[in-house]
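For reference, the structure discussed in these notes is given below.
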Amino acid sequence: MPTPHPVAEPASTALTEIELALTRITYLAGRSRQHERLMAESGLSLDRAAVAMLRHIAESEPLRPGVLAARLSVEASHVTRQLRQLERTGYVTRVPDPDDRRAQRVRLTEAGLGAVDRMRRVRRQGMELALAAWSPEELRQLAVLFHRLVDDFVTHTESDLRVRPS
């Protein structure tokens, strides 16, 4: 009698499972309780929008407010209001745009850098606790696959924007 071969899982089933997992991760990461824990453990008092802006600025500063609005998919007026608040609290400052003297870019101050570093430390500690039972090889594989997933999403999304009629 022949040995049965495992039946390959249909791609649609795997894609559904991936989508469900991503939805669950997004939900878990975005819960207000998670944000409150992050603020308490990092010793900060920022709303979610401020955290998102600080993280984006830290990843690619200095950048124009309009670029930040596009990356966050929010209205420019929302970014302007939030940046004013972050300036008042000393986390960001505006600097001249070297490419256009009429424009300004936003960069983190020392206090802003410190805030981002504290948030990163708290997030990393949470990741370390959640993934403590994973082997170094599993962690490397996950990192590679996550980077590939993000790159493919970016490529797909940007190609969709180029194809769509205006």
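At a Förster distance of 25 Å, what's the computed FRET efficiency of VAL95 paired with ARG55, Cβ-Cβ distance as r, to 0.05?
Efficiency, from the Cβ-Cβ distance: 0.85.
Pick out which of ARG107, ARG148, ARG71 has the largest mean-square fluctuation in a Gaussian network model of the chain, springs linking Cα atoms closer than 10 Å.
ARG148
From zero outward in steps of 10 Å, how is the percent of C-alpha pairs of the chain spread across the bins?
Calculated P(r), rounded to whole percents: 8, 26, 32, 22, 8, 3, 1, 0.
Name the GluC sites (Glu not before Pro) in the range 23-83 that are in a loop by DSSP and that have at most 14 other C-beta atoms within 10 Å, would you?
Qualifying residues, ordered by number: GLU75.
Between ALA14 and TRP134, what is the label-point separation in nm under the 7 Å Cα-to-beta-carbon projection?
According to this spin-label approximation, the distance is 1.9 nm.
What number results when the radius of gyration of the range 17-81, computed over Cα atoms, is divided by 2.2 N^0.38 Å?
Computed over Cα atoms of the range 17-81, the ratio equals 1.29.
State, as an integer percentage, the relative contact order of the range 33-132 based on alpha-carbon contacts under 8 Å between residues 6 or more apart.
30
Using amide H atoms built 1.01 Å from N in the peptide plane, name the residues 5+ places from ARG105, or on other chains, whose amide H lies under 5 Å from its own.
VAL95, ASP97
Where does each of 118-130, 17-29 land if you order them by average Cβ count within 10 Å, highest first? Write down the numbers at each step before the final one.
Working: 118-130: 13.1, 17-29: 10.5.
In decreasing order of mean packing, 118-130, 17-29 become 118-130, 17-29.
Hey, any idea what % of the range 33-132's accessible area is carbon plus sulfur with a 1.4 Å probe? Intermediate results must be reported in sequence, preceding the final value.
On the way: 3000 of 6210 Å².
Solvent-exposed carbon and sulfur of the range 33-132 make up 48 percent of the total.
The values are calculated or read from the model by the stated rules, or taken from the named source; none is laboratory data. These numbers come from a predicted model, not from an experiment. Note that each Cβ is placed from the backbone with ideal geometry, even for glycine, and that neighbours are counted across all protein chains shown. Each accessible area value is taken on the protein alone, full model and side chains, heavy atoms only, with ligands, DNA and RNA left out. Shrake-Rupley method; radii C 1.70, N 1.55, O 1.52, S 1.80 Å.
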